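Reviewing the structure listed below.
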Amino acid sequence: MATPRTARAPKAAAKVEGRLLVTQVRSAIGTKPKHRGTLRALGLGRIGQSNDLPDRPEIRGMIARVPHLVTVSEEQTA
């Protein structure tokens, strides 16, 4: 016996999200493998390289693992 379909709730309005500009400022040589992997996940690989990322808890957590290797500047988008 098939179950009746329920009406879906309308999607919430797009939440305004800030952006983070993450720049690698120190070398990953000599750091732990997890730190190097975190840098790669952030889209960084060389000193001076930057990546514009959404300001989400997952990204903030990755940045918290490698604060000694990166700098972060916040950008607000409308």
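Bear in mind that the values in this text are calculations on the coordinates, not laboratory data. Since we're looking at a predicted model, the values are computed, not measured. Don't worry about glycine lacking a Cβ; one is built from the backbone with ideal geometry, like all the others, and counts go over all protein chains shown.
State the extension gain, in nm to one decimal, for the chain segment bounded by Arg26 and Arg56, taking 0.36 nm per residue of separation less the distance between their alpha-carbons.
Result: 8.5 nm gained on full extension.
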Could I have the simple spin-label model distance between Ser73 and Arg19, label points 7 Å from Cα toward Cβ, reported in nm to one decimal? 1.2 nm
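So how much slack lies between Arg8 and Arg46, counting 0.36 nm per residue of separation and subtracting their Cα-Cα distance, in nm?
Details: separation 38, 0.36 × 38 = 13.68 nm, distance 4.57 nm.
Here the answer is 9.1 nm.
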